[in-house]
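Enquirer: This is the structure, below, for whatever I ask next.
The values are calculated or read from the model by the stated rules, or taken from the named source; none is laboratory data. All figures in this text were calculated on a predicted structure; none of them were measured in a lab. Positions of Cβ are generated from backbone atoms using ideal geometry, with glycine treated the same way; all protein chains shown enter the neighbour counts.
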Amino acid sequence: MTTTAPAGCAPAGPAPAGHAPVEYAAAIERYLGQAPLGPASRRVYRISLASWSWPLVGRPVPRGARRRGARPPFVPLARLDDPDAGPTLAAALQERAAGTDVRTVNRELSALRSAVAWWQDQRWISRDPTAGLHHLAGPPPPQPALTGPQLARIFQAAPTLRDHALWRVLRDSAAPAEEVLGLEAGSLDLARNRGRVAQAAAPHEPGQWIGWGSASTELLRWLTAGRPEGPVFLTSRRAPAATPRPDVCPLTGRARLSYRRAAEIFTEVTRPLDPAGRGWTLSLLRP
C-alpha cells in the first residue's frame, strides 16, 4: 500500500522511472533530487534519513556533532523489505524519543515516511516499514526540576562561551528558546540587562523585552564584543550560501544557531550529568 507524503515534501510531478538503487544512501539522494526542498531543508532531510541507517544494521546512531558528520554504514535498500525492519525502526524511534524533543523526533519520522512512500511509488521496495510507527502525541512525562548543584554543573560543562551565555539567558529570562535564539546584537540593552525580541508576525517591528541577570549580561558582553548587529548566537561555521540574510552575521559570515542544533548540544553535554543517562532538554532550564 502506498502512503501519502507530508505536505510540502511530495514530488512536483510523476516520479521518473529508473532502476532501483542497491544502497539505501543512493535511494536517499534519488528521493532528495526530485523533492521540492530548498538547500537548507534538503540538508536537514539528508541528515534525518541517514540517521535511520545505523539501527537498520544494528548499530547505535552517533550523537551530537558526530552524528552530523559521520559516514553512514552501507545498508541495502532491500533491507526495508525485511519483516523485522518495522520493529527495528520502532525500537530506534523509541530510543531517539528518550533523549530528543518531540518536534525533532516527529520531523525525522515524517522525513522517513515521505521517502518510503516515494520509494514504494517507484516499486523499489514493496513493504512500508513505517506503517506501525506513530508520531509522538506530546512530550514525555516531565522531568524533575533541576537543582542548584545540577545547574552549577551544567554551566561549568558548557563547551563554549556561546553555549554558556545561551543557557544563562534561558535560565534567567524564562523565555522560550526560539525567542532567545532570535535575539539580535543590535536589540540588546545590556545597560538594563534586557533584549528586545522581534515579533514573529512582523520581524522588522519592535517586539517585547525579555530580561535577565547581571551574570548573563556579562557573558553577552563578551560574546557580542565587536559585533554591533546580526544574530547574537552563531554557529561555529560560515553560513551556507542559501541562508537568509537576517540569519547571517555581517561581520563573521556565520549563521544564526538553530533550535535543533542548540537542543542537540545541550542534551549531549548533559548526558553524563543526567542520572538516567539520557541528557536533559533545553526546556528544563526555564524555571
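Enquirer: Suppose we keep only residues that are within 21 Å of the chain's Cα centre (by Cα) and not basic (Lys, Arg) within region 164-173. Which one would you say is surrounded by the fewest Cβ atoms within 10 Å (Cβ to Cβ)?
Expert: In this case the residue turns out to be His164.
Enquirer: Would it be correct to say that Ala185 is among the small types (Gly, Ala, Ser), closer than 20 Å to Ala158 by Cα and modelled with pLDDT of 90 or more?
Expert: Judged against the criteria, Ala185 is not a match.
Enquirer: Also, quick follow-up: Is it the case that some residue within region 75-92 is of a type in the set (D, E, K, R) and not in a loop (DSSP other than H, G, I, E, B)?
Expert: Checking region 75-92: at least one residue is of a type in the set (D, E, K, R) and not in a loop (DSSP other than H, G, I, E, B).
Enquirer: Determine which member of the set Val61, Val75 is β-branched (Val, Ile, Thr), under 19 Å from Ser126 (Cβ atoms) and not assigned by TED's automatic domain parsing to the domain that holds Phe266.
Expert: Selected residue: Val75, the only one of Val61, Val75 that is β-branched (Val, Ile, Thr), under 19 Å from Ser126 (Cβ atoms) and not assigned by TED's automatic domain parsing to the domain that holds Phe266.
Enquirer: Could you check region 240-287 and list, in sequence order, the residues that are on the phi > 0 side of the Ramachandran plot and either out of contact with any strand residue (DSSP E or B) (no Cβ under 6 Å at 6 or more places or on another chain) or of a type in the set (Val, Ile, Thr) (or both)?
Expert: Passing the criteria: Gly277, Gly279.
Enquirer: Still on this structure: Looking at region 143-160, is at least one residue within 23 Å of the chain's Cα centre (by Cα) and closer than 26 Å to Ala91 by Cα?
Expert: Scanning region 143-160, I find at least one residue that is within 23 Å of the chain's Cα centre (by Cα) and closer than 26 Å to Ala91 by Cα, so the answer is yes.
Enquirer: Let me ask something additional. Within the bounds of region 253-270, is there any residue that is basic (Lys, Arg) and part of a helix (DSSP H, G or I)?
Expert: The answer is yes; a qualifying residue exists.
Enquirer: So Val61 fits all but one of (1) outside any helix (DSSP H, G or I); (2) among the hydrophobic types (A, V, I, L, M, F, W, C); (3) at pLDDT 90 or above; what number is the exception?
Expert: Failed condition: (3).
Enquirer: Working only within region 212-242, note down all residues that are within 26 Å of the chain's Cα centre (by Cα), part of a helix (DSSP H, G or I) and among the aliphatic types (A, V, I, L, M).
Expert: Those that are within 26 Å of the chain's Cα centre (by Cα), part of a helix (DSSP H, G or I) and among the aliphatic types (A, V, I, L, M): Leu219, Leu220, Leu223.
Enquirer: Shifting gears a bit: Does Gly18 satisfy the condition of being in the same structural domain as Leu109 (by TED's automatic domain parsing), at pLDDT below 90, part of a loop (DSSP other than H, G, I, E, B) and within 22 Å of Asp128 (Cβ to Cβ)?
Expert: no
Enquirer: Considering (1) buried (at least 16 other Cβ atoms within 10 Å of the Cβ); (2) without any contact (Cβ under 8 Å) to a residue 24 or more places away in the chain; (3) more than 21 Å from Arg260 (Cα to Cα), say which one Arg59 fails and leave the rest.
Expert: (1)
Enquirer: Among the residues of region 89-108, is any at pLDDT below 90, of a type outside the set (Phe, Trp, Tyr) and touching a His at 6+ places or on another chain (Cβ under 6 Å)?
Expert: Yes, because at least one residue in region 89-108 is at pLDDT below 90, of a type outside the set (Phe, Trp, Tyr) and touching a His at 6+ places or on another chain (Cβ under 6 Å).
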